[in-house]
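Inspection log for the structure reproduced underneath, given as structure tokens.
The values are calculated or read from the model by the stated rules, or taken from the named source; none is laboratory data. Since we're looking at a predicted model, the values are computed, not measured. We place every Cβ from the backbone using ideal geometry, glycine too, and count neighbours over all the protein chains shown. Surface accessibility is based on the protein's heavy atoms, side chains included, excluding ligands, DNA and RNA. Shrake-Rupley method; radii C 1.70, N 1.55, O 1.52, S 1.80 Å.
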Amino acid sequence: MVADYSVEGGQETVKQIKAKGGEAIFVAVDVSQAADVQKMIKTAIDKYGRLDILHNNAGIEGPLGPTESVSEADWEGVSSVNLKGVFLGSKYAIPQMLKQGGGVIINTASIAGLVGFADMPAYWASKGGIVLLTKTMALEYAKKNIRVNCICPGAVKTPMLDRFTGSQPEAENLIREGAPWTDGASRKK
Ligand SMILES: NC(=O)c1ccc[n+]([C@@H]2O[C@H](COP(=O)([O-])OP(=O)(O)OC[C@H]3O[C@@H](n4cnc5c(N)ncnc54)[C@H](O)[C@@H]3O)[C@@H](O)[C@H]2O)c1
């Protein structure tokens, strides 16, 4: 089941899955809203009878700038999608996973949840929070056969990264140079 704030993007993803012979449905959700998240979980259970894997992946970056420049509204907006979204998704998925005897929760944090970065404090802090929330839930539910992990990607070229770099080749190259697996070959193209 594909769940996203973007109806257009979600429907396009379903189309691509179906074109490759898969089965998928789309549900529109704002992961920061409890009622939406409850509806998302209920839709999955009604349609498929169980819930094996929840991937809490939605995220927004918020504005770029040092801590004193961040408005309260931006702080709350980023935190409620990135961190509260992971909490809500897990909160409403876990009862079904307990009922069926287990499940898997995967949260997308970031390399920025492990080390410090400057100038997007709400985003980096939310990713650090996801790492700790993941550890907490992993401990809480390990004995109940629910595995909770997070993944901490480095830079991946997606619309989010394009917004961050402004699609500027210089900015993209700077990020590539920081990646340990890069030999510079892609930079010279
Ligand atoms: N791109 C990177 O370099 C990178 C690195 C580390 C971690 N991440 C993380 O990976 C995840 C995916 O990011 P991405 O790079 O694909 O970003 P993206 O902006 O390309 O995609 C984010 C998706 O989340 C959806 N979304 C945003 N707010 C939502 C909300 N309130 N409710 C439901 N859906 C919502 C968007 O519609 C979009 O489909 C994020 O959690 C991001 O923080 C990305």
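Scan the stretch 111-125 and give yes if some residue there is at pLDDT 90 or above, assigned by TED's automatic domain parsing to the domain that holds L54 and more than 23 Å from E68 (Cα to Cα), otherwise no. Yes, some residue in the stretch 111-125 is at pLDDT 90 or above, assigned by TED's automatic domain parsing to the domain that holds L54 and more than 23 Å from E68 (Cα to Cα). Annotation: of all residues in the stretch 94-149 being over 21 Å from V78 (Cα atoms) and touching an Asp or Glu at 6+ places or on another chain (Cβ under 7 Å), the one that is surrounded by the fewest Cβ atoms within 10 Å (Cβ to Cβ) is V104. The set of residues from the stretch 1-39 being within 12 Å of the ligand (Cβ to nearest atom) and of a type in the set (A, V, I, L, M, F, W, C) comprises V2, A3, V7, F26, V27, A28, V29, V31, V37. When restricted to residues that are open to solvent by 30 Å² or more (accessible area, probe 1.4 Å) and in a helix (DSSP H, G or I), the stretch 10-43 contains 15. Scanning the stretch 44-75 for residues being aliphatic (A, V, I, L, M), open to solvent by 60 Å² or more (accessible area, probe 1.4 Å) and closer than 18 Å to K91 by Cα gives a total of 1.
Yes or no, residue by residue, for (1) in contact (Cβ under 8 Å) with a residue 60 or more places away in the chain; (2) of a type in the set (G, A, S); (3) away from the ligand (no atom under 14 Å from the Cβ); (4) within 19 Å of Y5 (Cα to Cα):
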{"position": "T67", "(1), (2), (3), (4)": "no, no, yes, no"}
{"position": "G77", "(1), (2), (3), (4)": "no, yes, no, yes"}
{"position": "G85", "(1), (2), (3), (4)": "no, yes, no, yes"}
{"position": "S90", "(1), (2), (3), (4)": "no, yes, yes, yes"}
{"position": "Q96", "(1), (2), (3), (4)": "no, no, yes, no"}
{"position": "E140", "(1), (2), (3), (4)": "no, no, yes, no"}
{"position": "A155", "(1), (2), (3), (4)": "no, yes, no, no"}
{"position": "Q168", "(1), (2), (3), (4)": "no, no, yes, no"}
